[in-house]
Amino acid sequence: MWRQIAAAAGAYILNFVYDDKESAYHSMPVTWQKTYGYNKLFDKVFRVGSNMLVEDIPYSYNNKEYVLWMWKGDYWNLGTGSEIGLYQQSAESRTHYDAVDFLCSMQLSTYKYSDGQVYGSYYNWNPVHNKQWWITAFDWRHPKPDPKKLVTLGKVDFGDKTGMAQTIKDKIKDKSKDKKIFQDTILSENSNTIWIMWGGNE
C-alpha cells in the first residue's frame, strides 16, 4: 500500500496521470516540465539513488540543432519506467535544450528481457488523442528493475517534418558503429515515422 501511495504522490507532483487501463502513469503534453527544458546535468542528478540508462541522439535539421533523448530503468517510487523526449538547442546556451516547438504522434512500450528472449510487457502506451513532445510511462508495481533487462520500443511520427526520421536513423547508425546500442531502427516506408528498439543486446 505504501508503494502505491508514494507513486501516487510522486505522480501528482510531476503532473502525471494514469492511463485508462491503470497500467502506468504518464506525462501530459502541457506540463510544467516543458518550461525548464533539459541538459546532461539533469542526468547526473537523476542517477543519484536510481539505476537508469540514458541515450541521446543529437541531430541537425533545417539549420537547427536537436536531440532525441531516451531513458529507461528505475524511477524510485514510480518503479519501472521509460521516456522519449524531443528537444531543440536553446538560444541562450549550446549545452541546454528546450522542448521542441512541435508535437508528434508517439508510442512507448517496455518489455522484460532475459536470456536472449523478450517477453511480457510492462505497458503499451499509445495516446492516440494527444500528440507529444515527451512521452513517458511508469509502472510502480515493478520496482527496482535492472535497466539492462528492459527492452523499450518507441515510435515517433514527425508528420510534416519531412526527412527528420531519416536523419535520426542515420545518426543512430553512426552512433552504433563502435557499439550496437539500439537493437533495431525501422523507418516506415512512405512516411516520416521511425521505430526505435532499445535493449536486448546489452
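The values are calculated or read from the model by the stated rules, or taken from the named source; none is laboratory data. Since the structure is predicted, the reported quantities are computational estimates derived from the model, not experimental observations. Side chains are part of the model used for accessible areas, which takes the heavy atoms of the whole protein and leaves out ligands, DNA and RNA. Shrake-Rupley method; radii C 1.70, N 1.55, O 1.52, S 1.80 Å.
A 1.4 Å probe run over the range 1-51, with the rest of the protein chains in place, finds 69 Å² accessible per residue. Helix 2-14 axis versus longest C-alpha principal axis of the chain: approximately 30°, rounded to the nearest ten. Note on the chain: with neighbouring protein chains present and a 1.4 Å probe, carbon and sulfur make up 51 percent of its accessible heavy-atom surface.
Fully extending the segment from Arg141 to Asn201, taken as 0.36 nm per residue of separation minus the present Cα-Cα distance, adds 19.1 nm. Taking all protein chains together, Arg94, Arg47 sort by accessible area into Arg94, Arg47, largest first [probe 1.4 Å].
Each of His26, His96 has its accessible area taken with a 1.4 Å probe; listed largest first, they run His96, His26. Accessible area per residue was computed with a 1.4 Å probe on protein heavy atoms; Val118 scores about 70 Å². Listed by chain and number, the lysines placed with their C-alpha closer than 16 angstrom to that of Lys64 are Lys161, Lys171; residues fewer than eight positions away on the same chain are left out. You can think of it this way: the chain between Lys131 and Met28 has 36.2 nm of extra reach, that is 0.36 nm per residue less the Cα-Cα gap.
Exposure check, 1.4 Å probe, all protein chains in place: Arg141 carries approximately 110 Å² of accessible surface. Taking the C-alpha atoms only, the angle from helix 164-175 to the longest principal axis of the chain is near 80 degrees. Accessible surface comparison of Lys155, Lys144, probe 1.4 Å, protein chains only, largest first: the order is Lys144, Lys155. Just one of [x] 13.8; [y] 13.1; [z] 11.8 is mean projected area of the Cα convex hull in nm² calculated from these coordinates, so which is it? Computed from these coordinates, mean projected area of the Cα convex hull in nm² corresponds to label [z]. Accessible surface for Ser114 stands near 40 Å², nearest 10, in the context of the full protein assembly shown (1.4 Å probe).
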